[in-house]
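Just below is one structure, and these are the notes that go with it.
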Amino acid sequence: MSATFTIDNFAELEKRIERGTPALVHSALHREDGCSLDELAALLSPAAEEQLPLMAARSRALTAKRFGRITQIFAPLYLSSFCVNRCAYCGFAAGNAIPRRKLSVAEAVAEAMILKERGFNHILLVTGEAPAKAGVDYLEEVVRVLKNDFAAISIEVQPLETREYARLFAAGVTAVAIYQETYNRRVYDQVHLAGKKTDFAYRLDTPARAAAAGMREIGIGALLGLADWRCEGLALGMHLAWLRKHFWQTGFTVSFPRLRPAAGSFAPLVQVSERNLSQLIFALRIFDPDVGLILSTREEARFRDGMLGLGPTRYSAGSCTAPGGYSTGEHEGEQFAIGDHRPIDEVCHVIADRGLDPVCKDWDREFQIQ
Ligand code: SF4
């Protein structure tokens with residue numbers, strides 16, 4: 001693959017957002033099939049803040065038109081908390097004194113079966129980044145054992161090479177989530193203190209490597225609380241547009257994780273309010289009406305319920321972020337504290353109450369062309 005996505009100058013994004021005008025916001029609000037990057041910049045700008053109710057209404061209408069009443073449900077399954085990187089904001093960072101654990105294949109299956117019994121058909125396998133502990137061989141083995149029990153298996157693990165993603169795709173992985181954390185190179189260097197994750201460019205190129213391997217869906221995202229959220233939103237839009245252009249056959253999702261309390265003493269570098277997060281979600285929906293938007297249990301139940309139908313199309317539920325936590329009920333050793341502790345039944349009940357359909361299965365591997 002020759003083409004590469006780059007973000008050379010984060011400050012340029014700020015200037016582009018500053019050029020946002022009410023007229024650009026107005027034109028974006030009337031688009032049916034997505035808006036331009038200048039219009040996205042305007043939707044993210046202070047000039048759009050007064051129009052937030054109109055943005056919410058437009059985002060709701062586009063979401064209903066493209067996704068119907070469906071809200072997809074999934075759960076993360078943490079396989080390993082070992083990590084060789086030192087990300088200043090993360091409980092799993094090397095050097096943090098937390099109990100660490102890697103599940104055996106049998107333990108992973110036991111955790112997965114608990115989720116299956118609770119009604120989940122889509123799971124996200126998560127590891128810290130420690131290839132010597134949880135490498136491709138291990139992931140492949142876990143996926144091969146689980147693939148007949150789940151309609152979709154996504155992974156959120158260390159960045160891999162295209163040939164490694166191809167192996168995991170053949171084993172049964174359907175999607176890859178890989179978040180840049182921040183598109184601001186200076187801040188990236190400031191918070192990624194050691195390990196392979198210090199390589200900004202390699203991480204930025206990872207979604208393209210996963211797409212090139214044939215994955216059905218790729219998830220990108222920014223960790224909100226590290227750099228200016230408006231610029232992160234514009235960078236996400238640029239990355240998404242680039243990926244769509246080069247991998248038109250792949251589906252894409254965007255996540256908006258806000259920093260949560262975790263082991264260590266890291267405090268967010270910038271504040272991102274729920275109102276800011278709402279504006280970001282509405283802007284991305286208007287920019288790309290077909291992209292899946294994920295709102296995780298990092299957020300409080302009140303906010304998640306309020307956002308139902310307004311833009312997000314996929315919710316995690318009943319999550320535990322420590323390996324083995326579904327079996328033991330223990331939250332010690334979690335990657336971060338979650339904000340919505342409700343079980344899947346309760347989340348599905350609220351979704352149905354809003355006239356939406358909670359969907360635990362939207363794909364079957366019978367459809368997959370290997
Ligand atoms: S964010 Fe990921 S790579 Fe960084 S310390 Fe946590 S688990 Fe490791």
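Return a yes/no flag: does the range 234-244 have any residue that is open to solvent by 40 Å² or more (accessible area, probe 1.4 Å), under 29 Å from ASN121 (Cβ atoms), outside any loop (DSSP other than H, G, I, E, B) and of a type in the set (D, E, K, R). For the range 234-244, residues open to solvent by 40 Å² or more (accessible area, probe 1.4 Å), under 29 Å from ASN121 (Cβ atoms), outside any loop (DSSP other than H, G, I, E, B) and of a type in the set (D, E, K, R): present. Here the range 339-359 is the region considered, the condition is being part of a loop (DSSP other than H, G, I, E, B) and surrounded by fewer than 21 Cβ atoms within 10 Å (Cβ to Cβ), and the residue that is farthest from the ligand (Cβ to nearest atom) is GLY355.
Just to be sure, is GLU32 more than 16 Å from the ligand (Cβ to nearest atom), touching a Pro at 6+ places or on another chain (Cβ under 9 Å) and not in a loop (DSSP other than H, G, I, E, B)? Quick ask: steps written out before the conclusion?
Working: more than 16 Å from the ligand (Cβ to nearest atom): yes; touching a Pro at 6+ places or on another chain (Cβ under 9 Å): yes; not in a loop (DSSP other than H, G, I, E, B): no.
Answer is no for this residue.
Look at the range 176-218 and say how many of its residues are open to solvent by less than 50 Å² (accessible area, probe 1.4 Å), outside any helix (DSSP H, G or I) and in contact (Cβ under 8 Å) with a residue 60 or more places away in the chain.
The initial filter retains those residues of the range 176-218 that are open to solvent by less than 50 Å² (accessible area, probe 1.4 Å), namely 176-184, 187-188, 191-192, 194-195, 197, 200, 202-211, 213-215, 217-218.
Now narrow it down to the ones that are outside any helix (DSSP H, G or I): 176-184, 192, 194-195, 205, 213-215, 217-218.
Next cut, in contact (Cβ under 8 Å) with a residue 60 or more places away in the chain only: 177, 179, 181, 183-184, 192, 194-195, 205, 217.
Residues that pass the stated criteria total 10.
Residues in the range 251-299 that are in a helix (DSSP H, G or I), within 28 Å of GLU334 (Cβ to Cβ) and small (Gly, Ala, Ser): SER278 only. Somewhere in the range 180-197, is a residue more than 21 Å from ARG258 (Cβ to Cβ) and of a type in the set (Val, Ile, Thr)? Within the range 180-197 (the criterion being more than 21 Å from ARG258 (Cβ to Cβ) and of a type in the set (Val, Ile, Thr)), the answer is no, since none of the residues qualifies.
With respect to the conditions (1) open to solvent by 40 Å² or more (accessible area, probe 1.4 Å); (2) within 16 Å of the ligand (Cβ to nearest atom); (3) touching a residue at least 40 places away in the same chain (Cβ under 8 Å); (4) out of contact with any Gly (no Cβ under 6 Å at 6 or more places or on another chain), PHE82 falls short on a single one, namely (4).
Please enumerate the residues belonging to the range 117-149 that are in a helix (DSSP H, G or I), crowded, with 20+ Cβ neighbours inside 10 Å and not aromatic (Phe, Trp, Tyr). Passing the criteria: LEU139, VAL142, VAL143, LEU146.
Checking the conditions here, which among ALA88, ALA110, ALA97 is more than 29 Å from GLU346 (Cβ to Cβ), out of contact with any Phe, Trp or Tyr (no Cβ under 6 Å at 6 or more places or on another chain), surrounded by fewer than 23 Cβ atoms within 10 Å (Cβ to Cβ) and small (Gly, Ala, Ser)? Give the derivation first.
Numbers: ALA88 fails: out of contact with any Phe, Trp or Tyr (no Cβ under 6 Å at 6 or more places or on another chain); ALA110 fails: more than 29 Å from GLU346 (Cβ to Cβ).
Unique residue meeting the criteria: ALA97.
Among the listed residues LEU160, LEU115, identify the single one that is away from the ligand (no atom under 16 Å from the Cβ) and among the aliphatic types (A, V, I, L, M).
On the way: LEU160 fails: away from the ligand (no atom under 16 Å from the Cβ).
Of LEU160, LEU115, the one residue that is away from the ligand (no atom under 16 Å from the Cβ) and among the aliphatic types (A, V, I, L, M) is LEU115.
Of ASP228, ASP305, all but one fail to be open to solvent by 40 Å² or more (accessible area, probe 1.4 Å), of a type in the set (Asp, Glu) and in contact (Cβ under 8 Å) with a residue 40 or more places away in the chain; the exception is ASP228. Whether any residue in the range 52-65 is buried (at least 22 other Cβ atoms within 10 Å of the Cβ), of a type in the set (Ser, Thr, Tyr) and within 16 Å of the ligand (Cβ to nearest atom) is what I want to check. Within the range 52-65, none of the residues are buried (at least 22 other Cβ atoms within 10 Å of the Cβ), of a type in the set (Ser, Thr, Tyr) and within 16 Å of the ligand (Cβ to nearest atom).
For LEU308, state whether it is more than 29 Å from VAL191 (Cα to Cα) and of a type in the set (A, V, I, L, M).
Numbers: more than 29 Å from VAL191 (Cα to Cα): yes; of a type in the set (A, V, I, L, M): yes.
Criteria met by LEU308.
Of note, PRO312 does not satisfy the criterion of being assigned to a helix (DSSP H, G or I), of a type outside the set (Gly, Ala, Ser), in contact with a strand residue (DSSP E or B) (Cβ under 6 Å, 6 or more places away or on another chain) and at pLDDT 95 or above. Checked against the criterion of being outside any helix (DSSP H, G or I) and within 13 Å of the ligand (Cβ to nearest atom), the candidates PRO76, PRO99 yield just one match: PRO76.
Condition first: under 13 Å from PHE82 (Cα atoms) and at pLDDT 90 or above. Now tell me which residues in the range 322-336 satisfy that.
Of the range 322-336, the ones under 13 Å from PHE82 (Cα atoms) are 322-323, 333-335.
Of everything in the range 322-336, those that are under 13 Å from PHE82 (Cα atoms) and at pLDDT 90 or above turn out to be ALA322, PRO323.
For the range 257-264, does any single residue satisfy the condition of being open to solvent by less than 20 Å² (accessible area, probe 1.4 Å), within 28 Å of PRO343 (Cα to Cα) and under 17 Å from the mean Cα position of the chain (by Cα)?
Yes - at least one qualifying residue is present in the range 257-264.
The values are calculated or read from the model by the stated rules, or taken from the named source; none is laboratory data. Note that the structure is a prediction, hence the values are computed from the model and not measured. Ideal geometry is used to build each Cβ from the backbone, glycine not excepted, and the neighbour counts take in all protein chains shown. When the accessible area is computed, the model is the full protein with side chains, heavy atoms only, and any ligands, DNA or RNA have been set aside. Shrake-Rupley method; radii C 1.70, N 1.55, O 1.52, S 1.80 Å.
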